[in-house]
Amino acid sequence: MGSAPSSLKREVHEELSCSICLELFTRPKVLPCQHTFCQDCLRDHAEVRTPFQCPICRCQVRLPPQGVAGLPDNLMAANMCEKVRKQETLLEETEKQPQSGNRCSFHPSEEVKLYCKQCNLPVCSECCEESHDGHPTTGLKKAAQERRSTVQALIHEGRNILESFNSFMCSLKETEKTLNEQKQQRENSIIQAYNQMVQKLTDRKDQLLSESGENHTKNLDRIQTERDRVSADVNELSAACDRAEQELQQGGVKFLSQQTALTEAVGKYRGKAAPTPVQTQPAVFQPTDTPVPVLGHVTVQSFPSAPIPAAPAARGTGHHHGNQRQGERQKVTFGGGGSGPGQFNGPFGVTVSDEGEIFVADRGNQRIQIFTLQGTFVRQFPTVVSGEQEMYPQDVAMDGEGNLWVVGRTGNLWVVGRTDSADFAVQYNKQGRVLRKFDLQKTGWMREVAVDTRRNHILTTQTTGDSDNPHGEVLVFRPDGTLVRTVGQQQGMEWPRYITVDGEGNILVSDRRNHCVFVYKEDGQFLFKFGGWGSGEGQLDYPEGICTDRAGNIIVADMDNSRVEMFDKTGKFLKHIATDMPEPWAVAMATQGQLVVTSWTNKVSILHNF
């Protein structure tokens, strides 16, 4: 075990550790569900849990007459734990033993005691006879004393060189990061300029169509006016001719009585000029004879070379873009209800990539939508699980490789008792291709997701039980779906909602029903909780989204108080970030310092300089 990599040792310890006491198994007992625990831990658990249930999967277990002691032993786990303990004891004893003298690599049975001045090598007596005969030698300790200052000077010089190289490497890393940020900002500006130009063209098109329609209506009105005027004359003259013609066809002399009236009607129009054609004025569209509008130009600017920095710039250094003044708060809001691009039907999850792309879990529309930090729509992809099966995404998180983890449900959404639904955790790349997935226990409650990027662990919240007696917990998985541990069973969590992992690996969970935030260490040890129901400073009313900033401050979406709050890493209230945010839901912090907040009103807001 002593020579094994530290990560492998840690994984072996995790596999052979009891999920209750978090120590190596002692007298391990295996339950019918195949989960293993220490005998004493199970005995303590059985005293407070009736009926007895597995602490991990909640499977009900009927204990034998002997109680926990009568459960079958897990002999394999016991043997492995014993071997691990022996190896660790042996390693500790070995480290405490004094080191033996240096042995010659050419003559292992000989101890190196001399130093060949001619060859500058430590040698043994056998080496002196075979390869260094006649060479001047001295004692090893004396040679070490004589050359200590020389070696120390070389070490110091080497360290100085390494420091300059490390500074150079840090400067390259910072330059690369700056170039990536500049590229993203540049592309966002291009997209924004394009959208503005398209909007201007659209507005001009609508104006031209409106002018064309008005011109057409005026010409039709002229035609109708002339039609109405001439129709009366046509009707009068046609009626007179029809009556005279009818009498004439019947024979006799009756037509003579119509002669006078017909003479008057014909005479009335004989001298009248025939109607002239209507003079219309149709409009003509003349497109401008100009080239395609130019969006702008991408130019390369030259700057004087800067010296290599002594140390990399702090990650928290602020940046100011455009004409924005330092300290000036800005807020960009976009979205609205609907199914079109940029519209939402339940934006219940959000995360931001290092490149500044916002990923929103649009639950009701079964998709992930991607936006810039200016709120410009970029693309979208459906939350496919496999084949044509899609799920309703509840939450989304970014892992250390830049891929997405999404939790959600397929089939009938959040309906308890239906057999046509299942819960999943699915990993996608940024373009929406499924990379891997694993099943989650189906419950009637919503769940959220976070990623511990340092350990590559996937964390999800889970609530079981009914609405009168809910039980909340946090499940920690490996990416292949293997359960590592369960957190928060003993502190009375009822409805854990959103979850995050801070820079120190601590787990933070908002509990909607208890109106507070629970904080645990990475191994599941409870640290503290803060909040409590109310509307005063430091109080919460149905807390939802949670994230942390670079300084470790905790940001909470206080939904029913319609505000976003900031606490320090100990849970002490610092300030109101926003007090005019209707029903905030999920929150995420961008590496550039912006805070992204989704809302129950199907809107997304981006806060700058808060």
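Coordinate-derived values only; no laboratory data. All of these numbers come straight from a predicted model, not from anything done at the bench. FYI the Cβ positions are ideal-geometry reconstructions off the backbone, even for glycines, and counts take in every protein chain you see.
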Working out 0.36 nm times the residue gap between Lys205 and Asn429, then minus their Cα-Cα distance, what length gain in nm do you get to one decimal?
76.7 nm
Cβ under 9 Å from Glu522's Cβ, Glu522 left aside: what net charge do those residues give with Lys, Arg +1 and Asp, Glu -1?
0
Give me the one-decimal nm value for the distance between modelled label points at Lys442 and Gln192, 7 Å along each residue's Cα-to-Cβ direction.
4.6 nm
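Could you work out the local net charge near Pro341, counting Lys and Arg as +1, Asp and Glu as -1, over the other residues with Cβ closer than 12 Å to its Cβ? Mind showing how you got there, number by number?
Working: positive: Arg367, Arg379; negative: Asp362.
Computed value for this residue: +1.
Tell me what the chain gives for mean residue ellipticity at 222 nm when only DSSP H runs of n ≥ 4 count, each as -39,500 (n - 2.57), the sum divided by the residue total, rounded to 500 deg cm²/dmol.
Details: 6 runs with 175 residues, N = 610.
After summing the helix terms and dividing by residue count, I get -10500 deg cm²/dmol.
Over the range 104-176, what is the relative contact order in whole percent, taking alpha-carbon pairs under 8 Å and six or more residues apart?
Values: 56 pairs, mean separation 16.3, N = 73.
For the range 104-176, the relative contact order is 22 percent.
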Taking only C-alpha pairs under 8 Å that are 6+ residues apart, what is the relative contact order of the range 38-161 in percent?
12 percent
Whole-Å distance linking the alpha carbon centroid of the range 492-540 with that of the range 160-222 is 40 Å
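Sequence gap at least 6, Cα distance under 8 Å: using those rules, report the relative contact order of the chain to the nearest whole percent.
Values: 1042 pairs, mean separation 46.1, N = 610.
RCO, the chain: 8 percent.
Trypsin sites (Lys or Arg not before Pro), restricted to the range 98-164: which are DSSP loop and have at most 14 other Cβ atoms within 10 Å? Present the calculation step by step, with values, prior to reporting the outcome.
Details: sites: Arg103, Lys113, Lys117, Lys141, Lys142, Arg147, Arg148, Arg159; in loops: Lys113, Lys117.
For trypsin sites (Lys or Arg not before Pro) across the range 98-164 that sit outside H, G, I, E and B with at most 14 neighbouring Cβ atoms in 10 Å, the list reads Lys117.
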Alpha carbon centre of the range 226-252 versus the range 137-154: separation in Å?
136 Å
Check cross-link reach from Lys205 to the lysines: straight Cα distance under 27 Å, and skip same-chain residues fewer than eight apart.
Lys218
Which of the lysines could be linked to Lys177 by a straight reach, that is with a Cα gap under 22 Å, when you skip same-chain ones fewer than 8 residues away?
Lys430
I'm spelling it out carefully: the read-out is semi-axes √(5λ) of the Cα gyration tensor in Å, the candidates are (1) 39, 32, 24; (2) 80, 39, 23; (3) 36, 31, 23, and one was derived from this structure. Which label?
(2)
For a quick check of your reading of the filter: which GluC sites (Glu not before Pro) in the range 1-70 sit in a DSSP loop and have no more than 15 other Cβ atoms within 10 Å?
Glu23
Enumerate by residue number the GluC sites (Glu not before Pro) in the range 461-548 meeting two conditions: DSSP loop (anything except H, G, I, E, B), and at most 10 other Cβ atoms within 10 Å of the site's Cβ.
Glu537
Run down the lysines and flag those whose C-alpha is under 20 Å from the C-alpha of Lys142, throwing out any fewer than 8 positions away in its chain.
Lys113, Lys117
Hey, rough spin-label estimate for Glu264 and His135, points 7 angstrom out along Cα→Cβ, what's it come to in nanometres?
14.9 nm
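Mind checking the full-extension length gain between Ser339 and Glu390? Use 0.36 nm per residue of separation minus the Cα-Cα distance, one decimal, nm.
Values: separation 51, 0.36 × 51 = 18.36 nm, distance 1.58 nm.
Fully extending the segment from Ser339 to Glu390 adds 16.8 nm.
How much FRET efficiency would the formula 1/(1 + (r/R0)^6) give for Asn215 and Ser535, where r is the Cβ-Cβ distance and R0 is 35 Å, rounded to 0.05?
Values: r = 60 Å, r/R0 = 1.72.
Computed FRET efficiency for Asn215 and Ser535: 0.05.
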